[in-house]
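A.B. asks: Would you mind keeping the following structure in view while I ask a few things?
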Amino acid sequence: MPSIPFSRRSFLVMSAMFPWAFKSASAASGSIPVGLELYSVRDALKQDPEGTVRAVAQMGYQAVEFYAPYFEWTETQAKQMRKVLDDLGIRCYSTHNDADYLDPKNINHARDLNLILGSKYVVLAWTDPKSGLDGWKAVADQLNSAAETLEPAGLKAGYHNHQAEFTPVDGRRPIEILAKNTKSSVMLQLDVGTCLEAGSDPVAWIRANPGRIRSIHCKDWSRDPGKGYKVLFGEGVADWKGIFQAAESVGGVEYYLIEQEGSQFSELETARKCLQAFRATHV
């Protein structure tokens with residue numbers, strides 16, 4: 001039987017239609033791609049979205065994660081950004097979403113934009129339930145409902161933690177409620193810095209949830225007063241070697257995302273320095 005040519009363009013078109021069926025070439029070859037959560041360069045992104053994504057790609061990032069403002073795009077704007085990503089040869093594996101983006105009235109728009117961008121995960125970026133553990137169970141229900149809507153289109157739901165999820169409520173950590181009460185297909189995206197600030201052990205959390213830590217926000221944290229998150233990757237207390245080992249042996253990590261909330265350097269210079277440090281550590 002003669003072979004049928006399979007162009008890069010065909011691959012991109014099919015991966016947009018069926019993102020779950022494809023992995024990046026780097027992942028297939030054994031390396032795990034590293035991207036940037038674009039909140040790290042939020043001021044630059046607001047001024048020049050395409051130029052900022054191009055600058056990030058030129059640094060060597062292999063992916064980007066768009067956050068809440070992307071939801072205001074039209075489908076035409078999303079298609080233009082997808083063209084930019086394709087031209088640069090980088091991916092958007094996930095987006096960060098406000099809670100109401102996953103409501104029934106909005107989730108179809110989020111789904112459609114994510115399909116255009118080639119995403120795999122629609123991640124709930126944060127929430128703040130006011131009713132204790134019952135509130136966190138309601139969040140789990142929302143994630144399960146979102147997953148049921150997204151999965152027929154080939155997308156998956158995800159959740160991104162902050163400090164609150166690792167801070168006990170009535171003797172239990174909310175993150176444990178979310179893990180126990182959500183479908184296994186719901187990704188638990190680990191924010192290392194906030195986990196550390198809450199006094200939890202990211203390595204232990206990864207090992208306790210095999211296969212569910214499919215992406216990690218590589219944000220460091222310092223105990224020094226006044227520094228907190230304003231340290232570059234590798235300059236805080238995170239055990240990155242241990243985190244990488246756990247993530248890749250049991251966590252099921254598919255891609256890493258560097259996130260930075262500010263430093264003594266400009267946004268773009270901070271992103272560049274963090275990527276350099278990541279490359280030197282993740283060997």
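Bear in mind that the values in this text are calculations on the coordinates, not laboratory data. None of these values were measured; they are calculated from a predicted model. Neighbour counts are summed over all protein chains in view; Cβ atoms, including those assigned to glycine, are modelled from backbone coordinates with ideal geometry.
A.B. asks: Taking the mean number of other Cβ atoms within 10 Å as a proxy for protection, how do you rank 131-138, 252-259, 222-229 from highest to lowest?
C.D. replies: On the way: 131-138: 14.5, 252-259: 22.5, 222-229: 12.5.
Going from most to least packed, we get 252-259, 131-138, 222-229.
A.B. asks: Among Tyr61, Val123, Gln77, flag the residue with its Cα farthest along the positive direction of the charge dipole of the range 59-179, charges on Cβ as +1 for Lys/Arg and -1 for Asp/Glu.
C.D. replies: Among Tyr61, Val123, Gln77, the one farthest towards the positive end of the dipole of the range 59-179 is Tyr61.
A.B. asks: Here's something else I'd like to know. Can you bin the range 128-185 into rounded, prolate or oblate? Criterion: square roots of the alpha carbon gyration tensor eigenvalues sorted a ≥ b ≥ c, rounded for a/c under 1.5, prolate for a/b above b/c, oblate for the rest.
C.D. replies: On the way: a/c = 2.54, a/b = 2.19, b/c = 1.16.
Prolate.
A.B. asks: Output the Cα-based Rg and Dmax of the range 199-283 in Å, rounding Rg to one decimal and Dmax to a whole number.
C.D. replies: Calculated on Cα positions, Rg and Dmax stand at 13.0, 37 Å.
A.B. asks: Right, here's the next one. State the answer as a single residue: which of Tyr159, Gly251, Val186 lies farthest towards the positive end of the charge dipole of the range 29-281, with beta carbon charges of +1 for Lys and Arg and -1 for Asp and Glu, about the Cα centre.
C.D. replies: Positive-end residue among those listed: Gly251.
A.B. asks: Report Rg (one decimal) and Dmax (nearest whole number) for the range 205-249, counting Cα atoms only, units Å.
C.D. replies: So, for the range 205-249, Rg and Dmax equal 12.0, 35 Å respectively.
A.B. asks: So for the range 91-173, what percent of the C-alpha to C-alpha distances run longer than 22 Å?
C.D. replies: Cα-Cα pairs in the range 91-173 separated by more than 22 Å: 26 percent.
A.B. asks: Between Tyr93 and residues 5 or more places away or on another chain, which pairs have amide H atoms under 5 Å apart, with H built 1.01 Å from N, and which residues are they?
C.D. replies: Val64
A.B. asks: In the range 29-281, what % of DSSP beta bridges are antiparallel (nearest 5)? Don't jump to the answer; show the numbers that get you there.
C.D. replies: Details: 1 of 27 bridges.
Here the share of antiparallel DSSP bridges comes out near 5 percent.
A.B. asks: Given R₀ = 25 Å, FRET efficiency for Lys83-Ala138 by Cβ-Cβ distance, to 0.05?
C.D. replies: That pair, Lys83 with Ala138, gives E of 0.05.
A.B. asks: Whole number please: convex hull volume per residue of the Cα set in the chain, in Å³?
C.D. replies: It comes to 140 Å³ per residue, whole-number rounded.
A.B. asks: For Glu254, list long-range residues whose amide hydrogen, built 1.01 Å from N in the peptide plane, is under 5 Å from its own amide hydrogen.
C.D. replies: Ser215
A.B. asks: Still on this structure, I have one more. Please list the non-local residues whose amide H lies under 5 Å from the amide H of Ala157, H modeled 1.01 Å from N, same-chain partners needing a gap of 5 or more.
C.D. replies: Here the answer is Val122, Met187, since their amide H atoms fall under 5 Å of that of Ala157.
A.B. asks: Calculate the dipole size of the range 42-111 relative to its Cα centre from +1 charges on Lys and Arg beta carbons and -1 charges on Asp and Glu beta carbons; express the result in debye to the nearest 20.
C.D. replies: Numbers: 9 positive and 11 negative charges, 39 e Å.
Approximately 180 debye in magnitude.
A.B. asks: Still on this structure, please answer the following. Can you pick out the pairs among Lys156/Lys180; Lys46/Lys156; Lys46/Lys230; Lys180/Lys227; Lys137/Lys230; Lys130/Lys156 whose Cα atoms lie more than 24 Å from each other?
C.D. replies: Lys46/Lys156; Lys180/Lys227; Lys137/Lys230; Lys130/Lys156
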